[in-house]
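Below: one structure, written as structure tokens.
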Amino acid sequence: MARLVEDPELAFRLARAIVSDIALYNPDKVSEGVKNDNIFDLMADELQEGREHFAERTADSIQNRDQLFDRAIVDVMIKQAGKIESSIW
């Protein structure tokens, strides 16, 4: 079993990489979700799988661990979708 990530900065980088992969493999869902303001519903399964993977690879002792993954979603998936036309912008 791989060592757990204990450093919050490394954990955030891992979260960003996981979310980046989710967005990379699901561009149509990301686009549709942003356009229709339902990205979290539309990608619930993918994001939950990513969140579980992140939790398996990071130490429970990291302060605000769940928030790191949430921040990565916003930074990687939502902000980068800013060029997609949507009523949420």
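What the table shows:
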item: Segment residue 2-residue 28, extension gain: residue separation times 0.36 nm, minus the distance between their alpha carbons; result: 6.1 nm
item: Part-to-part distance (alpha-carbon centres) for region 1-44 and region 53-70, which is given in Å; result: 13 Å
item: Kyte-Doolittle mean at least -0.5 and Cα axial length at least 15 Å: DSSP H helices in the chain; result: 8-25
item: Ascending count of other beta-carbon atoms within 10 Å, so fewest first, for 20, 61; result: 61, 20
item: Label-point separation in nm, residue 49 to residue 67, each point 7 Å along Cα→Cβ; result: 2.9 nm
item: Of 14, 68, 24, the one that fluctuates the most in a GNM where the chain has Cα springs shorter than 10 Å; result: 24
item: Range of Cα positions in the chain per principal axis (Å), largest first; result: 41, 21, 17
item: Relative contact order of region 16-82, defined on C-alpha pairs under 8 angstrom at six or more residues apart (%); result: 50 percent
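FYI, it's all coordinate maths here, none of it is from the lab. In this text the structure is predicted, and so the values were computed from the model without any measurement. Counting neighbours? That spans all protein chains shown, and the Cβs are built from the backbone with ideal geometry, glycine included.
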